[in-house]
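Worksheet for the structure shown next.
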Amino acid sequence: MDYQILKLEVTDGIGTITVSRPEAMNALNTRFFNEMDAMLAEIEVNDEIKVVIITGEGKAFVAGADIAEMVDMNSEQGTAFSKLGQNTFNGIENLNKPVIAAVNGFALGGGLEFAMSCDFRFASNRAKFGQPEVNLGLIPGYAGTQRLARLTSLADALYLLYTADMINADEALRIGLVQKVVEPEELMNVAIETAKKIASKGPLAVKKMKKVVRQGFLMDFESGCNLEANEFGSLFGNEGEEGMRAFIEKRKPNW
């Protein structure tokens, strides 16, 4: 695909996706979603990429959806635009590799929904977070109403959604929305070092870990345990055997 908004750089097993539409604060439009779908399909089958980092160019991670594109939509078009974004972000959530959001600036509206679809989030101490849709007479459309309460708490989610308050990185850390807050110049270094650590682990085990946790989170406990047992067993005789033999033989595993 001819990528105009997204950039992908692959180094040492780490694929870094940069949203590059700084003149519009990286606002999400139809082309963004089409490009992201295509890029995710490429990454899914690229064995060179072990972990993905997503960040934004300029002052924003993503400052929201493109209001200029949405303003003339009717109800049916609005529903379709919501489902388009939901499908793309579900693709990030279900990607067979870990995805880290490196939030460098504003993550508002669709931008926060984008970040929440990643496995976890690191933030610059200059980052700002919020779901300001009610200011426009709207609600989040890319599963923000669903993910926010699952990542924080029902009360914290409802507070942010009702008030449209914008919070800083420290408050986002306090409510569990992000996992680390660092100086702006350290953000990508911290994300890359974490990605390298994950990439050094058993790649099949990491893929199955994401599958079991993500799918199990939406199951009842017994079903989740059954899924875990089956995937646990599937690692014996291949990658798991190599990892255990390397441990016994006091050497690094040959993944």
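Values in this text are rule-based calculations from the coordinates and carry no lab data. No experiment lies behind these values; they were computed from the predicted model shown. Virtual Cβ from ideal backbone geometry, glycine too; neighbours counted across all protein chains shown.
Quick notes
- Neighbour cut-off at most 12 other Cβ (10 Å), DSSP loop, GluC sites (Glu not before Pro), segment 170-255: Glu249
- Global dimensions of segment 203-248 from alpha-carbon coordinates: Rg and Dmax equal 11.8, 36 Å.
- Our summary gives the chain a relative contact order of 16 percent, counting only alpha carbon pairs under 8 angstrom and 6 or more residues apart.
- Per-residue ellipticity at 222 nm, computed for the chain from helices alone with -39500 (n - 2.57) per DSSP H run of at least four residues, works out to -14500 deg cm²/dmol.
- Dipole of segment 6-199 computed with +1 at Lys/Arg Cβ and -1 at Asp/Glu Cβ about the Cα centre; of Met166, Phe129, Ala149, farthest Cα towards the positive end is Ala149.
- Scaled radius of gyration (Cα, divided by 2.2 N^0.38 Å) that segment 123-250 gives: 1.40
- Per-residue Cβ neighbour rank within 10 angstrom, fewest leading, Met188, Met36, Met244: Met244, Met188, Met36
- Sorted by Cβ neighbour density within 10 Å, fewest at the top, the residues Ile192, Ile43, Ile139: Ile139, Ile192, Ile43
- Residues of type lysines that Lys180 reaches as a straight line, Cα spacing below 26 Å, ignoring anything fewer than 8 places off in the same chain: Lys7, Lys50, Lys59, Lys97, Lys128, Lys196, Lys197, Lys201, Lys207, Lys208, Lys210, Lys211
- Debye, to nearest 20: dipole size of the chain, +1 on Lys, Arg Cβ, -1 on Asp, Glu Cβ: 700
- Two tests apply to each whole DSSP H helix in the chain, Cα reach of 15 Å or more along its axis and mean Kyte-Doolittle hydropathy of at least -1.0, and the ones passing both are 30-44, 75-93, 187-199, 203-217, 221-234.
- Selected from Ile100, Met1, Ala63, residue furthest toward positive end of dipole (the chain; charges at beta carbon): Ile100
- Segment 148-255, relative contact order in percent, only Cα pairs under 8 angstrom and at least six apart counted: 16
- Exposure proxy order (Cβ contacts within 10 Å, fewest to most) of Lys83, Lys210: Lys83, Lys210
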